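Just below is one structure, and these are the notes that go with it.
The values are calculated or read from the model by the stated rules, or taken from the named source; none is laboratory data. Since the structure is predicted, the reported quantities are computational estimates derived from the model, not experimental observations. Reconstructed Cβ throughout: ideal geometry from the backbone, glycine too, with neighbour counts over all protein chains shown.
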Amino acid sequence: MSMSIRVTDLPREGIEFHDSLPLEALNARMNEADDNDILFVRAPEVHATFRPIAGGISFSGKISSSCTQPCARCSENLELPVETEFKVVLKPKSERQNAEDEEDVLYYEGDHFDVEDMLQENLIVALDPFYSPPCNKDGDCSVCKFNLNNYCDELETVEEEKTNLGDLLKKAMSKN
């Protein structure tokens, strides 16, 4: 299934677009990466607007979903909301001026443009691959409630052993 718009049918005042992306296709794309441990659990919802502008079509809106991914602190799977806004300009491929791609410009051929890949990409890029939620004043993770205070002695020991590059250079210079 694709989410295609016919650009020749776009009215002058534009159109609002509300739909959802197929969850299976999005997760299949996620699983193309080696060792993927992020899984979308809710079909992404798209709320967007297509508006004709000089030289193309403005396509902007918001896409939201939920995913499960491991907490960077405790490795427990957490369900997290994912939401991102996007804004691109769609232009006919015939108007492509040079070989370098313009930022936030997508080109189409013919009179159809499939937005599904672009929307999937925007949602995937919005993910934090090392999600580490903030801790409260007691050291508990705000999401999974894992307490880092149990490991503070270990962490402080490791911190004390670290040497920065400046100290290493001073040490090397003093030996000469």
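Return yes when residue 51 is in contact with a strand residue (DSSP E or B) (Cβ under 6 Å, 6 or more places away or on another chain) and not small (Gly, Ala, Ser) and no when it is not. Yes; evaluated as a whole, the condition is true for this residue.
Please tell me if residue 33 is surrounded by fewer than 15 Cβ atoms within 10 Å (Cβ to Cβ), of a type in the set (A, V, I, L, M, F, W, C) and within 15 Å of the chain's Cα centre (by Cα). Yes; evaluated as a whole, the condition is true for this residue. With a requirement of 1 or more residues that are within 30 Å of residue 31 (Cα to Cα) and either touching a strand residue (DSSP E or B) at 6+ places or on another chain (Cβ under 7 Å) or modelled with pLDDT of 65 or more (or both), the helices (runs of 4 or more DSSP H) lying completely within segment 72-176 that satisfy it span 116-125. Whenever a residue of segment 121-139 is touching a residue at least 12 places away in the same chain (Cβ under 8 Å), its partners that are aromatic (Phe, Trp, Tyr), lying with C-beta atoms within less than 6 angstrom and at least six residues away or across chains, give the pairs 122/86. When residue 25 is tested against the conditions (1) more than 17 Å from residue 121 (Cβ to Cβ); (2) of a type in the set (A, V, I, L, M, F, W, C); (3) over 15 Å from the mean Cα position of the chain (by Cα); (4) surrounded by 12 or more Cβ atoms within 10 Å (Cβ to Cβ), the lone failure is (1).
Quick one: in segment 6-22, of everything that is of a type in the set (A, V, I, L, M) and touching a residue at least 40 places away in the same chain (Cβ under 8 Å), which residue is surrounded by the most Cβ atoms within 10 Å (Cβ to Cβ)? Even if it seems obvious, please write down each step before you answer.
At the first step, the residues of segment 6-22 found to be of a type in the set (A, V, I, L, M) are 7, 10, 15, 21.
If we keep only those that are touching a residue at least 40 places away in the same chain (Cβ under 8 Å) as well, we get 7, 10, 21.
Details: 7: 17, 10: 16, 21: 21.
It comes out as 21.
Is at least one residue of segment 47-56 more than 28 Å from residue 10 (Cβ to Cβ) and out of contact with any Gly (no Cβ under 8 Å at 6 or more places or on another chain)? The answer is no, given that none of the residues of segment 47-56 is more than 28 Å from residue 10 (Cβ to Cβ) and out of contact with any Gly (no Cβ under 8 Å at 6 or more places or on another chain).
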